Amino acid sequence: MEELRDLSSSAATILAAMCALAALEVAIPLRPRAAWNRAHLGPNLSLTFLGFGTNAALGAVLVLALTLAEARGVGLLHLAGLSAQASAVVVLLVLDFSFYVSHWAMHRFPLLWRFHRVHHSDPAVDVTTTVRQHPGEALVRYAFTGAFALALGASPAAFLLYRSAVALFGLLEHANLRVPGWLDAALSLVLTWPTVHKVHHSRDVRFTDTNYGNLVCWWDRLFGTFTPVHEGRAVDYGLEGFDDLPTQTTLGLLRLPFRRERPRSSAKPSATRYEEAEPRSAVG
């Protein structure tokens, strides 16, 4: 099936994009590389390759389900009579909204947060943070995406277009890139530009629980969860209590959802912590 072949080739495209953005991070970094950027590389890449496998399996199941639904004319789009191009735009926007809803839910409900905190516990944010996700989080995201996609009657092709956009935007949002302030502000009127998403990785809950969007930032603006882009230039990344090196290993991150919950910090973000020469547990 053509759609399944597209799924299998997407991992290579994502890796190529990661390499290109990593090169740009060296050329125009938002923040200088420090010890955590080196320390998190192995675990982040391990979870990335695990994520490729999990997402490919879940994606294949959803593509097959959408193929069967399309053959039976199931879904709202089959009643609307839109062109293929208009339907694709609707699918992109509705599934992007489903991403917003699932992301909000993972911050709102403690059980879901346990899985999502694997992503947020990264003390340094760069392109390798993108797929630093627990397999349990992938199940949550696909459950939301599948529910919206099947109700909508998204075609397999439109779904794959959405997945490609999500993957590429996700890489860009986490990339440690510096751009002019005026460009940041202009792009953040529509897109979830990298500095917009950096706000979301703050240790300060007031900021962490904002800027949930993936493709566009309209949902955050509409539902009052938007924080201005300039806040993303001085963010203290990570989660308090999860900086120790045993936690920041691949095995430690896979075990993280099953550890006892710790209070989420509401401390104000610091502009200096990212300049530390060594990870905390290595200096004390």
statement: By the C-alpha gyration tensor axes a ≥ b ≥ c (rounded if a/c is under 1.5, else prolate when a/b exceeds b/c, else oblate), the shape of segment 117-168 is oblate
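In debye to the nearest 20, how big a dipole does segment 104-149 give about its Cα centre with +1 on each Lys and Arg Cβ and -1 on each Asp and Glu Cβ?
My answer is approximately 160 debye.
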message: For SER202, SER121, which order do you get if you count the other beta carbons within 10 Å of each Cβ and list the fewest first?
response: SER121, SER202
Positive-end residue of PRO29, CYS19, TYR100, charge dipole of segment 1-132 with Cβ unit charges: PRO29
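Suppose R0 equals 35 Å; then what is the FRET efficiency for LEU15 and LEU79 from their Cβ-Cβ distance, rounded to the nearest 0.05? Provide the component values of the computation, followed by the final result.
Values: r = 40 Å, r/R0 = 1.13.
Taking R0 as 35 Å, the efficiency between LEU15 and LEU79 is 0.35.
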- request: For the chain, calculate the relative contact order in percent as a whole number, restricting contacts to Cα pairs under 8 Å that are 6 or more residues apart.
  value: 26 percent
- request: Report the residues of segment 161-177 in range of a label on ALA27: point 7 Å along Cα→C-beta, backbone N strictly under 20 Å from it.
  value: 168-177
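Counting Lys +1, Arg +1, Asp -1, Glu -1, what net charge surrounds HIS230 among other residues with beta carbon under 11 Å of its beta carbon?
On the way: positive: LYS198, ARG233; negative: ASP184, GLU231.
That works out to 0.
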task: Sort TRP182, TRP193 so the one with the fewest other Cβ atoms within 10 Å of its own Cβ comes first.
output: TRP182, TRP193
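Does segment 160-209 classify as rounded, prolate or oblate by the C-alpha gyration tensor (a ≥ b ≥ c root eigenvalues; a/c under 1.5 gives rounded; else a/b over b/c gives prolate, otherwise oblate)? If you can, show how the numbers build up before the last one.
Numbers: a/c = 1.91, a/b = 1.24, b/c = 1.55.
Since a/c reaches 1.5 but b/c is at least a/b, the shape of segment 160-209 is classed as oblate.
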query: How big is the gap, in Å, between the Cα center of segment 154-168 and the Cα center of segment 199-214?
result: 25 Å
query: Within the chain, which DSSP H helices have Cα atoms that stretch 15 Å or more along the helix axis and a mean Kyte-Doolittle hydropathy of at least -0.5?
result: 2-27, 41-71, 84-108, 135-152, 156-174
About the Cα centre, charge dipole magnitude for the chain (Lys/Arg +1, Asp/Glu -1 at Cβ), debye: 520 debye
- line: With +1 on the Cβ of every Lys and Arg and -1 on the Cβ of every Asp and Glu, the dipole magnitude of segment 65-154 about its Cα centre, in debye rounded to the nearest 20, is 240 debye
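Each value in this text was obtained by applying a stated rule to the coordinates, not by laboratory testing. Since we're looking at a predicted model, the values are computed, not measured. We place every Cβ from the backbone using ideal geometry, glycine too, and count neighbours over all the protein chains shown.
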